[in-house]
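Before any comments, here is the structure.
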Amino acid sequence: MTTLNANKLSLEEVEWLLNLEEREGSNFTSLLSLQPITASEQAEVEQIHQDFRPYLRGKKALEGQVRLVVVAPLLRLAGFYRPPIQIRVEEDIERIYIEDDDQVITGKFDIIAVNKNSTRSNNVDFWVLVIETKRSELDTISGLPQLLTYASQSLQHQEFVWGLVTNGIRYQFVYLQRGNPSTYQQMPLLNLLESDSAIRLLQVLKAICQLPGDRNLAV
């Protein structure tokens, strides 16, 4: 049996191995209910932006810095630290077996948010949001194969799941939906350094966090 590491796979390989197909023409408002954010929330987003700027002066911010300085505060602000949502970090994925080719995919996801109120009868967590972080100088597309590999695991137990690849500056949300083949849609790219885009970023995170449990069962 051949062992493949998810961080070494190309997008084409992931699509072929996991029977995934990209759908185009996506937008946030067709999938999420985006609500206005308050002035204080807007000020906090701006503060996160300002806190991150010094890390960019050395040309790059490492993955750990991206997670702590930017992603963690954004998740807190969006409500991901409150029950029933629970955050898990840096855990090995279950081995993904590709039976027809006698191959197995291994890897480790960065951050996953699960809804503990939507745990299945077989004790399988409902995945709300899967996050893959990259160094600031890398493009978000570089993390897409890993994200799709990890997030697609949840489609065995739920209808859809949200994913996010970020380098701290740019935020690429992806919506995966179960099917034959299962599909994924890349949402419009968001940028923390642009005011309107940063506001939309928080709106999207809050909307994903607040999806009701019964809707989540269709993830």
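The values are calculated or read from the model by the stated rules, or taken from the named source; none is laboratory data. Note that this is a predicted model, so its numbers are computed, not measured. Virtual Cβ from ideal backbone geometry, glycine too; neighbours counted across all protein chains shown.
Please indicate, with yes or no, whether at least one residue in segment 156-170 is surrounded by fewer than 24 Cβ atoms within 10 Å (Cβ to Cβ), small (G, A, S) and touching a residue at least 12 places away in the same chain (Cβ under 8 Å). Scanning segment 156-170 turns up no residue that is surrounded by fewer than 24 Cβ atoms within 10 Å (Cβ to Cβ), small (G, A, S) and touching a residue at least 12 places away in the same chain (Cβ under 8 Å). Return the pairs, sorted by first residue and then second, in which the second residue is of a type in the set (K, R) and assigned to a loop (DSSP other than H, G, I, E, B), the first residue lies in segment 59-70 and is over 17 Å from E90 (Cα atoms), the beta carbons are less than 7 Å apart, and the residues are 6+ apart or on different chains. Filtered contacts from segment 59-70: K60/R135; A61/R135. Checking each residue in segment 196-214 for being under 29 Å from E44 (Cα atoms) and at pLDDT below 95 picks out Q210, L211, P212, G213. Listed by position, the strands (runs of 3 or more DSSP E) inside segment 121-208 whose residues that are farther than 30 Å from P36 by Cβ number at least 1 are 182-186.
Exactly one residue out of Q86, Q35 is without any contact (Cβ under 8 Å) to a residue 60 or more places away in the chain, of a type in the set (S, T, N, Q) and more than 23 Å from E137 (Cβ to Cβ): that is Q86.
Those helices (runs of 4 or more DSSP H) of segment 1-100 in which 3 or more residues are crowded, with 17+ Cβ neighbours inside 10 Å and at pLDDT 95 or above occupy 39-56, 72-78.
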